[in-house]
Every structure is written in structure tokens, then in C-alpha cells.
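Encoded as C-alpha cells, the structure appears first; notes follow it.
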Amino acid sequence: MDISSERIDDIPVIVEWLKQMGIAKCIDQKLKKPHGNHKGMSYGQLSVLLLTYIMTQSDHRLCAVESWVQAHRRILELSTGWSIGEKDTSDDALSPRK
């Protein structure tokens with residue numbers, strides 16, 4: 001039997017709070033759709049992950065989000081119901097596009 005543990009801290013509470021506020025839906029309605037070759041999470045979904053990171057870590061650096069998401073992937077996927085790809089939260093994916 002393989003048992004793994006992961007600290008969840010306040011992640012599920014923050015994710016649920018952001019979901020109830022409809023943050024992802026609002027952002028996806030306001031921003032243009034990604035270009036046709038885009039694969040992965042929507043801008044709204046990425047914003048929920050970024051805001052969760054900012055609130056739990058008190059840090060707004062984009063470069064640190066990818067490793068944080070990888071360390072908490074299981075609880076983030078269970079809390080959001082989304083499949084989070086390995087490179088979905090890289091600093092390139094989170095940075096503003098023109």
C-alpha cells in the first residue's frame with residue numbers, strides 16, 4: 001500500500017470562497033478567448049489558482065506559482081474539480097498576453 005500525505009492548510013477554503021464569488025466565470029466573460037492553439041486552463045481558472053497562491057503564501061511572484069501548484073496539485077484538483085496540467089501554471093502561462 002502506498003500512502004502519501006499533503007498539507008492542505010487553508011487551500012480548500014480559499015478555493016471554495018473564490019468559486020462562490022464566481023471569479024473564474026467573471027474573468028472568462030471579460031477576457032478574450034485564448035488563441036486557437038491554446039490548450040489547458042482558462043484565464044479564469046488560472047486566476048483562481050494565482051489568487052489562492054497569493055492568499056496562502058502572501059507572495060505575488062509569478063515564478064513561484066508553478067512549483068507551489070505542483071506541491072499542492074492533488075488538493076487543488078480535488079478542491080476545484082479541474083485537471084491541472086504540468087505547465088498550466090508556468091510564469092509564461094500566467095503572464096499577461098498582448
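What follows draws every value from the coordinates through simple rules; no lab data is involved. Quantities reported herein were computed from a predicted structural model and do not represent experimental measurements. Because the Cβ atoms are built from the backbone with ideal geometry, glycine has one as well, and the counts that use them run over all protein chains shown.
What to note about this one:
- Only Lys, Arg (+1) and Asp, Glu (-1) charged, at Cβ; the chain dipole about Cα centre in debye: 620
- Averaging the sequence gap over all C-alpha pairs within less than 8 Å and six or more residues apart, then dividing by the number of residues, gives the chain a relative contact order of 32 percent.
- Rough spin-label spacing in nm, given labels placed 7 Å along Cα→Cβ, for Lys32 and Glu86: 3.1
- Stretchable slack from Ser95 to Lys39, in nm (0.36 nm times residue separation minus alpha-carbon distance): 18.6 nm
- Straight-distance crosslink candidates among aspartates and glutamates, where the alpha carbon sits under 16 Å from Lys25 and sequence neighbours closer than 8 are dropped: Glu16
- Spin-label model distance (nm) - Arg7 vs Gln70, 7 Å beyond Cα toward Cβ: 1.9
- Column: log10 I(q)/I(0), Debye, Cα scatterers of the chain, q = 0.10, 0.14, 0.22 Å⁻¹: -0.26, -0.51, -1.24
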